1. What does the convex hull of the Cα atoms come to per residue for the range 181-247, in Å³?
2. Which percent of the accessible area of the chain is formed by carbon and sulfur heavy atoms (probe 1.4 angstrom)?
3. Taking the solvent-accessible surface of protein heavy atoms with a 1.4 Å probe, what is the per residue accessible area of the chain in Å²?
4. Sequence-distant or interchain residues sharing an amide H contact under 5 Å with Arg154, placed H: which?
5. If R0 is 25 Å, what FRET efficiency do you get for Arg19 and Ala40 from their C-beta distance, rounded to 0.05?
6. Roughly how big is the chain's charge dipole about its Cα centre, with Cβ charges of +1 (Lys, Arg) and -1 (Asp, Glu), in debye to the nearest 20?
7. Given the Cα-Cα distance of Val106 and Tyr189 and 0.36 nm per residue of separation, how much length would full extension add, in nm?
8. Take the Cα of Thr231, step 7 Å along the line toward its Cβ, and report every residue of the range 203-219 whose backbone nitrogen sits under 20 Å from that point.
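The values are calculated or read from the model by the stated rules, or taken from the named source; none is laboratory data. What you see is a predicted model, and the numbers here were worked out from it, not measured in a lab. FYI the Cβ positions are ideal-geometry reconstructions off the backbone, even for glycines, and counts take in every protein chain you see. Protein only, heavy atoms only, side chains kept; ligands, DNA and RNA dropped before computing areas. Shrake-Rupley method; radii C 1.70, N 1.55, O 1.52, S 1.80 Å.
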Amino acid sequence: MPRLLILGGTGEARELGERLAARADLAITISLAGRTARPAAQAVAVRVGGFGGAAGLADYLRTQRIDALIDATHPFAATMSAHAAAAAAATSIALLALRRPPWRPVDGDRWLNVADRDAAVAATGNTPRRIFLALGRQDLGPFEQAPQHTYLVRSVDPVVPPLRLERVTYVCARGPFSEADDQALLNAYCIDAVVAKNSGGPATYSKIAAARHLGREVIMIARPAAPAVPTVETVAEAITWLDHDHALTAAKDRGV
Ligand code: NAP
């Protein structure tokens with residue numbers, strides 16, 4: 001039976017697993033990095049933890065006799081995506097990236113586009129402000145360079161160790177959040193600016209819509225460069241690729 005490995009950690013990876021789970025003609029595993037203490041349940045087999053770089057992933061693809069690889073990691077998981085491209089090239093295994101499109105500003109948005117986290121820190125300015133860091137725990141460290149501000153941090157798991165900053169409020173919560181939730185949050189903490197990564201997709205858009213509605217600034221961090229591999233934007237397109245375009249037909253032709 002053809003074997004598919006999905007690199008996950010996103011809603012799209014989970015949805016892809018759900019939509020393929022009933023298929024009797026395909027053995028599917030989702031791989032998670034293991035960052036969250038209580039990851040969301042998945043509909044297919046799960047393996048957890050790093051592979052040990054691109055070479056480790058290539059070994060895994062060979063030893064597990066994987067026929068197709070779908071990189072459905074988050075658009076900011078640039079290292080994993082680079083490793084997926086290198087491992088697929090080294091093993092000649094079919095690779096598809098499933099990457100949702102970035103958000104685009106619309107009327108009423110007050111976005112300040114920046115290239116990366118350090119540029120986001122610089123863009124917060126010298127004047128003390130009240131800033132909502134709508135970022136992952138691993139993205140927060142650079143803001144220790146801007147202790148003049150008062151911060152709000154929302155995360156699924158607690159931020160341990162806490163940031164070396166005097167004025168931070170931590171809120172532990174798991175989304176999805178509604179625009180009303182996020183308007184209430186921005187108002188409750190008198191937030192002047194939101195710092196966000198341009199993740200795309202509906203799941204984390206509420207803070208962007210809330211900031212627009214309230215006329216607050218968004219410091220928007222652009223995505224890192226992605227490897228040049230075949231890429232689709234939706235789960236449906238990924239399933240089409242599997243069934244028609246390449247991966248499984250190639251495996252079936254080999255008699256797998
Ligand atoms: P990253 O910087 O690109 O990857 C760092 C290392 O973590 C990789 O080299 C790999 O270790 C391991 N890794 C990452 N994703 C993995 C996966 N799906 N399965 C097994 N190992 C994985 O990744 P990241 O930005 O820390 O993100 C970690 C996970 O969280 C990803 O699965 C991503 O989809 C998810 N996520 C990330 C963000 C974000 O903003 N970055 C947001 C939401 C969800 P080895 O080199 O040892 O293989």
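1. 98 Å³
2. 53 percent
3. 48 Å²
4. Leu133, Leu135, Val171
5. Approximately 0.95, to the nearest 0.05.
6. In debye, rounded to 20, the chain gives about 440.
7. Going from the current span to full extension adds 27.4 nm.
8. The answer is 203-205.
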